[in-house]
Structure formats: C-alpha cells, structure tokens
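In what follows, a single structure is set out as structure tokens and then discussed.
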Amino acid sequence: EVHLLASGGGLVQPGGSLRLSCAASGFTFSNFAMSWVRQAPGKGLEWVSSISGSGGSTYYADSVRDRSTISRDNDKSALSLQMRSLRVEDTATYYCARGDWNEYFQYWGQGTLVTVSS
Amino acid sequence: QSVLTQSPSVSGAPGQRVTISCTGSSSNIGADYDVHWYQHLPGTAPKLLIYDTSTRPSGVPDRFSGSRSGPSASLAITGLQADDEADYYCQSYDSNLSGSVFGGGTRLTVL
C-alpha cells in the first residue's frame, strides 16, 4: 500500500525559512516523479513543485520559483521542499503527491500546515 | 482566480445524478491536455477520482464518470450517496504556465 507522510510544517515569521519533508513507502520511490501541492485556508488546490524520479529535473510554479528548492533522496525514499523568504500568502496545507508536473497525482499524503505570520 | 473555472457548489438528493463542470481555455483543456478529477474531504488527503479525462482508477465506483468537450470537462456522479459529499477539483496542464493547474473546486452537498 502506498503511504506518503508529510511533515515539517509550523509557524514561521514572514521572511523566514522552512523545510518540508515527505516519507514515502509502498512503492519503488525512484521510479516515480513526486510533487508538492498546497491549499491555502478556504482556497483551492495549487500545484507548487515537481521533481523527476532521478531528481535530475525540477519544476516550480511561478508563485514559489526562486524561493523554493525541491529535492529527493531515493535511497531514503524521501522528498523535501526547502522554502525561503516565506510570505503570508504561503500559508497553506502542503501535500506531497506521487505524480508529475504535467500529469495526474495518483496518491497524496495527509498534508502538513505551514503558517506564515508575525 | 483559478485558471480552470468550476461552479462553487452543486447539490442533489440521494440517488440523483449531478454534473460538475470545469472550463478552461486554449492553453489547457482546449489544447487537448488531459483532465483529471479529485475528491477532497477537508482534513484528509485528496483522492484521485478520474484521470486522463475519463479513466477510473481501481476501486473508484462506476457511478463516477468523466468527459470533455472543447475547452470544458465534466464529472458526472450518478446514484448520489451521502458520503459523496465533498469538494471536487479538476486539474490539467497549462502550456502558458508550464505547469499543472486546478479548478477552484466545487462543493457537493447531498441533500
């Protein structure tokens, strides 16, 4: 059974940094692209970033480009999202999902809440 | 403002049929990029319901079906059940934005 567990969320001040993690199990991690999708309070889903199975290709939404870095450790079946220069509008629940930037997201984790506030 | 447009809400009685629409443009659905649908109950992980416009993943009942026409797509749910009450999102790829885009979501209420 595929299982994705996101962690690392919390309260951070505007301008701060945060690193989100996602532990994957139940499938051959390196065979699949992985993504982050977020949902701001009361809003819809928004794709954030994706990384290929090898880690060699990365993709970002304009809203986080230049402020975020997605990475993966295939030996540990782990996905990460390093977020910098955080803004109030980055407040959201962040979901890790198995799937690529231009396809569907087949499996989703439970999400981790990031709150950017002073 | 979402790139894909969905009605904010839809409702139906148990056993009825409802449709949820998703309207895009020439850079996404209208460009023949696939459409995918998700069911999301607040506080839980979203669930893939339909992929590649009309294909159901294993385990999704055939009460759920997807279709498309031009720059729009639709999700139909027949035989409404109480536990169908959730938010539904469409998703596609947008060539102008070079990334995935979602609709704003439609809240389904089962009366």
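The values are calculated or read from the model by the stated rules, or taken from the named source; none is laboratory data. Quantities reported herein were computed from a predicted structural model and do not represent experimental measurements. Neighbour counts run over all protein chains shown; Cβ positions are idealised from the backbone, glycine included. All accessible areas refer to the heavy atoms of the entire protein, side chains included, with ligands and DNA or RNA removed. Shrake-Rupley method; radii C 1.70, N 1.55, O 1.52, S 1.80 Å.
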**Asked** For segment A:24-44, which residues satisfy the criterion of being within 14 Å of another protein chain (Cβ to nearest Cβ), touching a residue at least 40 places away in the same chain (Cβ under 8 Å) and either in a strand (DSSP E or B) or open to solvent by less than 60 Å² (accessible area, probe 1.4 Å) (or both)?
**Response** A:Ala24, A:Ala33, A:Met34, A:Ser35, A:Trp36, A:Val37, A:Arg38, A:Gln39, A:Ala40
**Request:** Tally the residues that are open to solvent by 20 Å² or more (accessible area, probe 1.4 Å) and more than 10 Å from chain B (Cβ to nearest Cβ), restricting the search to segment A:68-97.
**Result:** 16
**Item:** Cβ pairs under 7 Å, 6+ apart, first in segment A:74-88 and closer than 17 Å to A:Gly56 by Cβ, second open to solvent by 80 Å² or more (accessible area, probe 1.4 Å)
**Value:** A:Ser80/A:Arg19
**Request:** Hey, could you check segment B:26-59 for residues that are without any contact (Cβ under 8 Å) to a residue 12 or more places away in the chain, of a type outside the set (S, T, N, Q) and assigned to a loop (DSSP other than H, G, I, E, B) and say which is most open to solvent (accessible area, probe 1.4 Å)?
**Result:** B:Asp32
**Complete:** Residue count, segment B:60-88, condition in contact (Cβ under 8 Å) with a residue 60 or more places away in the chain and open to solvent by less than 10 Å² (accessible area, probe 1.4 Å), comes to 3
**Item:** Matching residues in segment B:76-89 - criterion: being closer than 14 Å to B:Gln16 by Cα and under 11 Å from the mean Cα position of the chain (by Cα)
**Value:** B:Ala76, B:Ile77
**Request:** Within segment A:98-118, work out how many residues are crowded, with 16+ Cβ neighbours inside 10 Å, assigned to a strand (DSSP E or B) and not polar (S, T, N, Q).
**Result:** 7
**Request:** For B:Ser2, indicate whether it is touching a residue at least 40 places away in the same chain (Cβ under 8 Å) and within 9 Å of another protein chain (Cβ to nearest Cβ).
**Result:** yes
**Prompt:** Do you know which residues across segment B:87-111 are facing chain A (nearest Cβ under 7 Å) and in contact with a helix residue (DSSP H, G or I) (Cβ under 7 Å, 6 or more places away or on another chain)?
**Reply:** none
**Message:** Among the listed residues B:Ala86, B:Ala82, B:Ala76, identify the single one that is among the hydrophobic types (A, V, I, L, M, F, W, C) and closer than 30 Å to A:Ser63 by Cβ.
**Reply:** B:Ala86
**Asked** Looking at A:Leu20, A:Leu5, which is the one that is touching a residue at least 24 places away in the same chain (Cβ under 8 Å), surrounded by fewer than 17 Cβ atoms within 10 Å (Cβ to Cβ) and either of a type outside the set (Gly, Ala, Ser) or part of a strand (DSSP E or B) (or both)?
**Response** A:Leu5
